[in-house]
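Reading through the C-alpha cells given below for one structure.
The values are calculated or read from the model by the stated rules, or taken from the named source; none is laboratory data. Values in this document were obtained by computation on a predicted structure and should not be read as measured data. All Cβ positions, even for glycine, are placed from backbone atoms using ideal geometry, and neighbour counts span all protein chains on display. Only protein heavy atoms, including side chains, enter the accessible area calculation; ligands, DNA and RNA are left aside. Shrake-Rupley method; radii C 1.70, N 1.55, O 1.52, S 1.80 Å.
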Amino acid sequence: MDTTLTYFRKSAFSRDALVYAGDLDTQPVEGTLPSVYYLDVRSRHINLCRNATQVTSPLLACKQHGMLGRSATIRGDIISSAHRNGTFSNAWTFVYMAEEFKWSIARWSNRWTLVDGRGNTVAVFERASFRASKIGTLNIMPEHPEHLVWLIVLTCELVHRTVKSSERAAHGS
C-alpha cells in the first residue's frame, strides 16, 4: 500500500512545513491530528524532524552549497548527497545505498515524479494550486526502508523550494 503524506505550511508567513499522514484537503486544527514530520526550513538548511519540538535533533539535516545552492549534503543516520540536474533545471538527484534517485519535473505541471536508477517510479508529488496553506500531496510507492522515505520527504521539500525560487525569479519578485 502506498504511503500518502500531505505537506502544509506551518503558518501563512513561515517557510517551515508540517507533514501529515493521508491525503488531506485542509490543515488539521492544532492538536487534533499530529504531524508525521516537521520540516524546519532556513535559508540554506532543511531539517527533517519527527515534530516541531525536536528541531535540535533532526532525523536528517540538509545543507545546500554553492552560490546558487546547486548541491547539498544530507546527514543523519545516513549520509547522502544531492545535486540539481542542470543549470536551468529545478529537478534534483540524490543517492541512497549507492543507487541514484531523480526527481523529474515536467514544465508547466504541478506533478513531480521520483524515479530510481532502473526507471521505476518511487514517488509522485502533486503540488496544490491556489491554496493558502497546502503545499501538496506526496505518494510513496510501497515497501521502502524508513531512511529512504526520510530522504524522499526531505528532497521533495528541496525540489519545492527550488521551483518556488524559479517562479519568483521568473516573475521578478
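Laid out as a table, the results:
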| quantity | calculated |
| --- | --- |
| Residue match in segment 119-129 (condition: surrounded by fewer than 15 Cβ atoms within 10 Å (Cβ to Cβ) and closer than 23 Å to ALA17 by Cα) | yes |
| Output for segment 99-116, where each listed residue is modelled with pLDDT of 90 or more and open to solvent by 60 Å² or more (accessible area, probe 1.4 Å) | GLU100, LYS102, ARG111 |
| Positions within segment 28-50 being open to solvent by 50 Å² or more (accessible area, probe 1.4 Å) and either modelled with pLDDT of 85 or more or not β-branched (Val, Ile, Thr) (or both), in sequence order | GLU30, GLY31, LEU33, PRO34, ARG42, SER43, ARG44, HIS45, ARG50 |
| Among (1) open to solvent by 70 Å² or more (accessible area, probe 1.4 Å); (2) part of a loop (DSSP other than H, G, I, E, B), the one test that SER11 misses | (1) |
